[in-house]
Every structure is written in structure tokens, then in C-alpha cells.
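Notes to accompany the following structure.
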Amino acid sequence: MILDGRPVASGAGSAAGRRNPSPRPDAVKEKGKTRSSRLPRPVLDNAPGDVILPIARRPCAGGSGPERALCAQMPATAFRLQTGGKMKTSALLVLALAASFALATIPVAARSDLDAPTAELLREADIPRLAPELETVLDAAEPDDLIDVIVHTRRQANLDALPPGTGYGGKLAHLQDVAELAQRDILAWLATTDARNVRSFWLVSRIALAATPAVIRTLAARDDIAYIFDDFVVTIDYRASEGEPLPPVDLQEWNITKVRAPECWSAGFNGAGIVVGNIDTGVQTSHPAFGGRWRSSNGWYDAVNGQSSPYDDNGHGTHCMGSTVGGNGIGVAPGATFIAAKALAANGSGNSSWFVACFDWMAGTGRPDILSNSWGSDRTSTYWFNYVNNLRSLGIIIVGAIGNSGPGGSTSMPPGSYPNVIGVGATTSTDAIASFSSRGPAPNQAPWNDSGWWPRPDWNLINPGISAPGQNIRSAVPGGGYYNLDGTSMAAPHVAGAAAILLQKDATLTHDQVFNLFADHAARPSGGAPYPNINYGWGRLDCKTALDNVGGGGGEEETLKVHYTYEENAVGLEDGGTFHSATRLTPTRDCDVVAGIFLQHEASQNQHYFVWRGNNATTPGPVVESIPYTGAGTGWKRLDLAQPFRVNANADVWLGPRFTHTAGQFPGGVDGGPAVPQRGGWVNLDGTWEELREYGLAFNWMIAAIVRYSGAVEEELLEPVPDLPAINTPTLAPGPGRVEYTLPGPGRIDLGVHDATGRLVRTLARGPMPAGRHTTTWDQTDDHGRPVASGTYFYRLTAEGKTLTAKAVVLN
């Protein structure tokens, strides 16, 4: 077992006679998971043609694509026309050079079939098709050297162009069909060359192969090629904490408690039913910490050695997966299922083509809900962007470590630095940002600075998005043991596990919704303020608070109200006597608490209700409102005040029933609404109580208090219930929607529309408002004027420190 993660000097797995650029220790860092399914292709072994037209460099033109900087750094290419290995000086050389200049560059305007990220790379300029690092290798290579490269085809699939509602299978078929069409002629041409080990990939249409410098340069001149990379090496970077291997323990690790995962388990959410994948060094699936949660069907892929059974000959992948789904107190989501793909060899390094194969397997065969990536590379910074984007289009949540190159700024690395990845930094047990954790901001270039890729309007190059424990993290290692490791490699699995918990509660959550739940509800250590920032992102992961802000899942939201009659508070009243009846309720859920007086009556009686203003007087105040009622039968009568009024904090509002009847008893009732006794206690006529004195009736009768509520617990005394503004609960159809609200007095308000994750979508009103009823409209657009998607939204009204919400369903 290897736990040091040291970089190697050359690409693992290269055949004799091939050349791979040596990996730079500072060039490749960390992150983690993926799956892929590749289309098998035969090995091609054919002789080259007699005449080879080499690629020539064309001077860089303008443009703002992310590869513009690469153009300026590319060395000049020597032009050679090879025929039988000898240099020819003739008119043919002139023709060859002219053809080379014409074929080596691609006018973007004529290439409407390019996917968006590829077009971005080539926008407004004729970009050289060979990566600078590959140019260096080719210049130093012998003519018969075989060099491993990856070809990115001109034609690429665009999943966003598919009809709405296209399912997972339809998207996979489209990706594979486009790749087959894009690669058909290229593969046919390669069959006529000495190219070896040709492999076709489809999640992003690319071809991996080994070929001589001449074949590679000629390949780059084809019009159906976008660009060619060397098959560079990715090396993980992490640190083993000092000390011996650790024994198993039954206690929860500090990092698991820190992110409040156990509180989620107590609430019934541990990731059950969710599949998490990682691309790493492999996983020892038989480790006791995993408890049989590895999905044995389509749950393993080995791009390094081709073994059919899971294993981990390094330890990094097992440790990362333990922090995600491990039991024995080491994992955030111990109820989740996991799968794994191996792209890193025993020495912690792997060719980029191995990662490409794993991505295909994850998309086509593994199909996880979440993909955690504890690896990364600063080579060819947009190299992984299309993979991430297509996996997200398939509905997979992508989590990535941002690297261990801190504390300097602008050190975060892809794929964790991409705006379409939940990038994760590392914190310590004291909530300090780890010194080694890479920092933002992300590069100020496409696609990072294109707001169309941002998960929220204020992302704006802030990286990481969230931080999580990543120092002195105890987790599983091969052999059944445990070990402490440091790195953002250790932090990202915590976020992947937290995402599994959120998806268990609501499987319809999108990638951006999960990101915003973590960002909006993160813990924010005081030492890192203000937030967000390029050290912590939006804060440190708080799994429980994020979970509490997840709705109940898709579909319409319904409210169940339970009506409870509290009969034990009934009192008897003698002629001319007084009474005071009270109950204290403490709501533990969102609820309506309505206290009132329930009276009996029959037909042929007159009733009259009064509401008095209370000012801590010894007698009731003046009548505020009254309604006459002559009843025949049973029913409810509600008393609405024309002009609501405020009451002192310790005062009572008194509801007085007066009856005139002709015969018998009479049932009936009144819903007290806000006009109810709100502080209780027996009236002491001779003491110093400032309670409202209430006058008796002329008859013997029974009275009982009724309370209608949802989710309340009973205590002994009634406390004053403050006046609250009222807000209606609309259901919106296409077109403007209206919301009405009533304020009991003047004050500042904040009225906005929020989506199901709690994120503010539109501000409708903010500032001082007079008392009374108010109406405003929402045209179903966000603060940027863009129409919102169909779904459930919530009006949230805050006034004088009180908050009410109302649901709105948008059907576009």
C-alpha cells in the first residue's frame, strides 16, 4: 500500500518507444470521481503515406477565448516535407507550406456545428491546433517515436439543443451518435497510418492514440480536428499526518460532527437510496467501514490495469470514499451506495486518457447521482470543462477539490475551479482555513467569467464555493485500517456526502440548487469574514442547516391542519360572577393558533359581540367594533375590525358576548381571531394585578376555550401573541400574479419571491410602508428581468421582525 502520493517522472503505462511529457510536481493536484463507457475500437497498425504535410504555426490574431494565451507562448514549428526520410527542395515544398498554413487553422465563422466550449476556445481567431506542451515534445522527438496524444474533434454534441424532456437514454444516444459521426473519417484515415492503441470516446468526442510526430502533425491539419493535446499525466497531491495507522473506533470523528451530519441522521436522512461515485486510485470495497454498500452491479471500472474486481493499490481513493459514505463514524452519508472508477495507478499518477475513459464509463454505465473528484490539474485549463458540463446535463452533481497550492491567491485548479463544479476548500478543526488549501479567484477568462455558466449571479470568480474539514481527517485505508490524511482531497468527499443527504430528501434537486443550499446556509467562522471570499467561499459546510432548508420534494405542497379542542379549561360562571380562562401554547412547527370562546345556542335567539380596547385599566375600554346577529340554526360568525389597533405589550383585548334569548339553550360560536384574551390569570379585585376586569352575565351558563392549531405543545400560561401582518396565498398561472398583505401599523417591510431552495429570486417591495392593506404584482421574472422556470415559489414578507410566507405555483 502506498500512502505518500509522490509524483512520478514519466507517464505510467506508456509503451516502449513512446514519449510522454514528464509531469511537473506543481502542475497536477487533486480531486475526484467520474464514470464513463467507451466505444471499443480495434488497434490500427498500418503503414504511413509517402508524403506528409506538416502543421505550421500561423501568427496569433485577436480574440478572447481561454486558449489565446497559449497561442502567444507556442514555439515556432519547423517545416519539413518528408519523402523517404530525405529533405526535398522543390516547388512541392512551397505547395506543402501553403497547404499547411491553410489547413492548420480553422475560421470559426464557418463552424456552426461546434459545441459552445469548443467554439469559445477558437472564437475570433485562428488558434493553433497543437497544445504548447505537445509542440515541445514533438520538436524533441525522434521520427519513429510514438507519442501519446488525445484528439478533440471539430464536431461536438450540444445537449442543450435537444428537445425539452429528452431523457437520460436519449441524451446518451445523442452523445454517442455525434461522436461516431465526428470520428468516422478520422478513424478511417488513421487506419492508413502507423497509429497505435487507437481508442474512441464519446462523452466528449475525442480519440486517444499513439503516433509518430509526422502523423500527429498531419492529423492536426485536418479540417475535422479542433485541437490535439499530449496525453498528459495527472498526479494526486495529499499529505499523510504524522503517526501510526489508527485502530477502528465507534465514536464519530470530529469532522463528521463539525459538519453536523449526525443531526441529519437523527432527522432520518443518511443518504439512503443515493449513489455516489469517485474517480481515483480505486476503493477497497470489502473494508469493514463500507458495510456492503458498494453497488456490485456496474459498480467498478479499471482504466489502469483492466481488472474486473475492485482494489486500491494506493489508498487515496479508499480514504476519500470513507469520508463520503463510510460507517464507524468516518463518513457523512453512511446510508448511501457507492461505485468507483480507477484512473490513478499505485504511484498516484494517471494519464489523462485514463480519466477520459472513466468519465465515459461513469456517464454510460455507472450513472451515479453525485460524482466526487479529489484530483485536478492546471494543465490546459479548459480540458475538463466539456466533461463536467455534459455530466451535469445528465443530472449528475459534480463536486471537486480545488487543490493544495495555498496560501497564495489564484491557485485553485480545474475541474474544482470551474463555475459548473461545487469547488471545495479545506478547513481545520478550529474552523481556520487550512494553510495548504488553494485560494481563488478563478481565472478572469472564459468560461469562468461568462455569467451564463455561474450557479448564482454573485459567483463572479469566487472559488472555492464551499469549504469543509480537510486537515487531520481519519478515514479508511486498504487492509481494513484507518489513517489520518490532509488535503482538499479529504474535504471534497464531505460535500459529496452532504449532497447525498440533500438528494435523499428531495431527489429533484439540480446541481445549482445543491450549490446554493450549501452556499446560502453555510457556517461562517468569524475569522473568515466578510463572506463570500476567496479563502472559504461562502463558508464552511453545515449539512444540517442546508437539509432544513430543503423542501419536501417535488409535486404540489399541501398543508395539513389539525384542529384540537382543549376542553380542560372550561369554567362555570354563576350569576353576576366573573371569570378568566387562559391556555399557554408554544408552537413547534409552522402553525395557525386561534383561540376563541365557544357558546351553545338554538334558533330564535339574539346575540351581540363586542371588542374592547385594553389599556391595563380596571374596567374594559371603549367598544371598538360590534356586530348584531340573530341566529336560526348553527354556524360561525367572524368579527373583522374595520380599523385594526395596537395594544400595549401587557394589555388584554377583551371579547364580550351579550345574549338575548326567548327560550332554552342555544349552540353557536365565534372565532376570536386577533381579538382574544392573550394574557391570563384570575382577576383579583383587591390586589395590584393589571389584568382586565370582566363583567358577568345575568344567567347561569357554561363556557369553554377552544384552540385550533397545527403542531403545538401545551404549557400552563398564555403569553401575548403579537399582531402579525396578513398575507394571502395565491396560485399563479401564466401572466402577472398579485399578492396582498395587511400591516397593523406603519413600519419597514421586505417582500420578496424565493425559489424552493430559499434563494431570493425577485424583490417586490422594500422600505417604509404605512399601515393598512397593500397590493403588489409579480410578473414571474427574476431581478434581471428573465422569466422564471415553472415550479413552486414563495412570497416572504418581513415586517417589524416578523415573517410570513405564502406559496405561489408558476405554470409556464
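The values are calculated or read from the model by the stated rules, or taken from the named source; none is laboratory data. Note that the structure is a prediction, hence the values are computed from the model and not measured. In this analysis, Cβ positions are derived from the backbone assuming ideal geometry, glycine residues included, and neighbour counts consider all displayed protein chains.
Quick one: in the range 528-545, which of the residues that are at negative phi and in contact with a Phe, Trp or Tyr (Cβ under 9 Å, 6 or more places away or on another chain) is surrounded by the fewest Cβ atoms within 10 Å (Cβ to Cβ)?
Filtering the range 528-545 for residues that are at negative phi and in contact with a Phe, Trp or Tyr (Cβ under 9 Å, 6 or more places away or on another chain), the one surrounded by the fewest Cβ atoms within 10 Å (Cβ to Cβ) comes out as TYR531.
In the range 787-812, which residues are among the charged types (D, E, K, R) and modelled with pLDDT under 85?
GLU800, LYS802, LYS807
Between a first residue in the range 773-786 that is over 9 Å from GLU740 (Cα atoms) and a second residue that is modelled with pLDDT of 85 or more and among the polar types (S, T, N, Q), which pairs have beta carbons less than 7 Å apart while being 6 or more apart in sequence or on different chains?
Final answer for the pair search is ASP783/THR763.
From the list ALA179, ALA214, which residue is in contact (Cβ under 8 Å) with a residue 24 or more places away in the chain and within 14 Å of GLN156 (Cα to Cα)?
ALA179
For the structure I just gave you, tell me whether THR578 is loosely packed, with under 13 Cβ neighbours inside 10 Å, modelled with pLDDT under 65 and among the polar types (S, T, N, Q). So that I can check it myself, show each step before the final result.
Details: loosely packed, with under 13 Cβ neighbours inside 10 Å: no; modelled with pLDDT under 65: yes; among the polar types (S, T, N, Q): yes.
No.
Give me a count of the residues in the range 765-803 that are buried (at least 17 other Cβ atoms within 10 Å of the Cβ), of a type in the set (A, V, I, L, M, F, W, C) and farther than 26 Å from PRO164 by Cβ.
The total comes to 3.
Can you tell me which condition ASP548 does not meet? The list is (1) crowded, with 17+ Cβ neighbours inside 10 Å; (2) at pLDDT 95 or above, and all the others hold.
(1)
Going residue by residue through the range 158-175, is there one that turns out to be of a type outside the set (S, T, N, Q), surrounded by fewer than 24 Cβ atoms within 10 Å (Cβ to Cβ), touching a strand residue (DSSP E or B) at 6+ places or on another chain (Cβ under 7 Å) and touching a residue at least 60 places away in the same chain (Cβ under 8 Å)?
no
Does THR427 satisfy the criteria of being in contact (Cβ under 8 Å) with a residue 40 or more places away in the chain, in contact with a Lys or Arg (Cβ under 9 Å, 6 or more places away or on another chain), surrounded by fewer than 22 Cβ atoms within 10 Å (Cβ to Cβ) and not acidic (Asp, Glu)?
The answer is no for THR427.
Of the residues that make up the range 393-400, is at least one surrounded by fewer than 24 Cβ atoms within 10 Å (Cβ to Cβ), in contact (Cβ under 8 Å) with a residue 12 or more places away in the chain and closer than 20 Å to ASN460 by Cα? Before the answer, list the steps.
Within the range 393-400, the subset surrounded by fewer than 24 Cβ atoms within 10 Å (Cβ to Cβ) is 393-395.
Of the ones still in play, those that are also in contact (Cβ under 8 Å) with a residue 12 or more places away in the chain are 393-395.
Keeping just the survivors that are closer than 20 Å to ASN460 by Cα gives none.
No, the range 393-400 has no match at all.
Hey, among the residues in the range 754-765 that are at pLDDT below 90 and closer than 12 Å to VAL739 by Cβ, which one's nearest to the chain's Cα centre (by Cα)?
Of everything passing the filter in the range 754-765, LEU764 is nearest to the chain's Cα centre (by Cα).
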